[in-house]
Amino acid sequence: MSATPRPQPPTEFPPGDPLLAAFPRATPLGATSSGAGSPGSASSSGVSRGGPSSDASSSDTAANRRIWRAARRGPRRDPLWRLLPLLEVRPGRVAAAVGLGTLALVCAIGLAAVAAWLIARASQMPPVLTLSVAVVAVRAFGIGRGVLRYLERLASHDVALRGMSALRTRVYAGLADAPGTPSVRRGDLLARLGADVDSVGDVVVRAVIPAGVALVTGAGSVVLVGVFLPEAGIALAVCLLLAGVVVPWLAARAAARVEADGAAARGRVSGLALELLEEAPQLRVAGRFAARSAELRAADRELDAVHETGARVSGVSAGLGSLAQGLAVVAALLLGIPAVAAGRLAPEELSVVVLTPLAVFEATAGLPAAAVQWHRSREAARRLLGLLGDGSDGSAERVGESRPDLHGVALDLEPGTVTVVTGPSGSGKTTLLMRSAGLLPDRGVLPAVAGGARADAVAASAGTGTAQAHAGAARDDVGRAPALGTLFVAEDGHVFGTTVLENLRVARGDVDEGEARAALGAVGLTPWLDGLPDGLDTLLGTDATNVSGGERRRLLIARALLARADALLVDEPAEHLDAAAADDVMRVLAHHARTTGTAVALATHRPAPRGLADREIALTPRA
């Protein structure tokens, strides 16, 4: 399997945009993504696949082009504008939500206006039939307000949830393709993939749609009042500008720092809480549990302080909005009473002019919160871009530069062969495998060593170059289904909090119980399996907290054996095992390579059993 270059993006994508490196191509859920040099993608299970990704359909490609054209038109330095196209929001759906919200508010304004006219006119005791239209209108507006508000909620949340799903999918794909690994804590990573993605998606429901509704209904209300009394319409317009523009602007300025501090505080709380939950025994042994608990309490107090500051901003904004509403009502009275006295305005029309603003300002009541949400979403977008390694604004939060540089080293993996990479800690064994799987960027890639090269031809000292992996893709000779490319089995691969069988199915979803028992037996876990209360249906704790280190390691290797792959790259297969068990596991991997035609590479700090390796690479740290 020769190394495949990364597919080039369409020419109309923004040239040189750092975001393009994080999202080279939209990848549907379940598909593999190609990486630089040697294709690869990372999975949360710790078994990372690499291999040529299937071509996207023409409809997906067209959608990607539209998305990137939209991203290019937005302000390049604003992180929120750069992520909004990735929500894949359809303008028609947003327009429908704005339209329904506008109609709901129109019903509220119409209800207030017609009810005011009806009360004023009824006080004059006219014939009942003259009030019948107004009575029916009041009922229609009252019913329509509730129904349309419900439909608007359905439409707006449909837009938001679709956008969050699309963005989260693209963020996962970007994490797999971006160079390096995140430098944030696991809890902070979860906060970004959860709360921050939700915050970016909320900008449509909590900022864009309310602003659109307020603009349309505010303009219509000014026209309505202006028809009765032009000067009252002008006064209403001024007060609406105060409540709908000035107050949100002040709230946004006050919230800018608050939201930045709040996002950071939420990340710290999530990180510390997850660390205490998952690593409490280790922290107690190390005597650091009390210190970590104190840090969590301090972070929580900091988050509470941020919330209190945000509450003050919200309170002041609400007060200013109510002040603008009161000013509009008082202005209508001061302007309307002389107009009634002069005969320019009927008494019942005065009630409409005075009471209509009470309903109109419902449109602007949510705009300060919308401005705050815009800042919250922008801060969330900045954190997501930093997570994806976009350093255009200095916010990149990915690491990988501290790994050893491997110049002149190339893995040459032929079908059915076993390559053993040995060396002490820090010599670059894991780096070599990860770069060969496409999980780390290749810098200065050299031509691959020709097939069949001997060990001494590729042996080199760490700190001298980049590696490429080659494995035969042919599978006809062993009669297997098409392989999945290159799989990297990490030393700390994840074990999910589900059954033993479902953990094995992470590698291949159609694994049956017979295959699962055979794989576990191959790595010496049959006695362990027989001792479980429910066998393959036994639930494992989150990240295998209820199994030993050696059992966990062999479980991960059993899962890797079940995956059909061209090349299998295993990091430290003998970790947590005694010498005899470690040799047995390595022999099982060698047997798997020679019977299935899979190219296997093993990175280990201990010598391999004699005669097991077809070739060896010895790495030594650079002095």
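The values are calculated or read from the model by the stated rules, or taken from the named source; none is laboratory data. Predicted model, so just to flag it, every value in this text is computed and none were measured. Positions of Cβ are backbone-derived with ideal geometry, glycine not excepted, and every protein chain shown enters the neighbour counts. Heavy atoms of the whole protein, side chains included, go into the accessibility calculation; ligands, DNA and RNA do not. Shrake-Rupley method; radii C 1.70, N 1.55, O 1.52, S 1.80 Å.
Observations on the model:
- The combined condition, being out of contact with any His (no Cβ under 7 Å at 6 or more places or on another chain), assigned to a loop (DSSP other than H, G, I, E, B), among the basic types (Lys, Arg) and under 21 Å from Gly509 (Cβ atoms), is not fulfilled by Arg559.
- Checked against the criterion of being open to solvent by less than 30 Å² (accessible area, probe 1.4 Å) and not charged (D, E, K, R), the candidates Ala305, Ala280, Ala290 yield just one match: Ala280.
- Hits in the range 515-532 (condition: under 14 Å from Leu561 (Cα atoms) and either part of a helix (DSSP H, G or I) or out of contact with any Asp or Glu (no Cβ under 9 Å at 6 or more places or on another chain) (or both)): Glu515, Ala516, Arg517, Ala518, Ala519, Leu520, Gly521, Ala522
- Unmet criterion (only one of (1) over 16 Å from Lys429 (Cβ atoms); (2) open to solvent by 10 Å² or more (accessible area, probe 1.4 Å)) for Ala560: (2)
- Of all residues in the range 248-258, exactly one satisfies the criterion of being modelled with pLDDT of 85 or more and surrounded by fewer than 24 Cβ atoms within 10 Å (Cβ to Cβ), namely Trp249.
Matching residues to (1) assigned to a helix (DSSP H, G or I); (2) open to solvent by less than 10 Å² (accessible area, probe 1.4 Å); (3) at pLDDT 85 or above; (4) touching a strand residue (DSSP E or B) at 6+ places or on another chain (Cβ under 7 Å):
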residue: His576; (1), (2), (3), (4): no, no, no, no
residue: Asp584; (1), (2), (3), (4): yes, no, yes, no
residue: Ala593; (1), (2), (3), (4): yes, yes, yes, yes
residue: Gly611; (1), (2), (3), (4): no, no, no, no
residue: Thr620; (1), (2), (3), (4): no, no, no, no
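- Candidates Glu275, Glu362, Glu349, filtered to the one that is open to solvent by 70 Å² or more (accessible area, probe 1.4 Å) and either under 21 Å from Gly110 (Cα atoms) or modelled with pLDDT under 85 (or both): Glu362
- Gly524 being crowded, with 22+ Cβ neighbours inside 10 Å, in contact (Cβ under 8 Å) with a residue 24 or more places away in the chain and on the phi > 0 side of the Ramachandran plot: no
- Sole exception among (1) open to solvent by 10 Å² or more (accessible area, probe 1.4 Å); (2) modelled with pLDDT under 85 for Thr486, by number: (1)
- Subset of the range 339-355 [under 14 Å from Val225 (Cα atoms) and free of Cβ contacts under 8 Å to residues at least 24 places away in the same chain]: Ala346
- Where Thr499 falls short, out of the listed (1) modelled with pLDDT under 90; (2) under 28 Å from the mean Cα position of the chain (by Cα); (3) surrounded by 14 or more Cβ atoms within 10 Å (Cβ to Cβ): (1)
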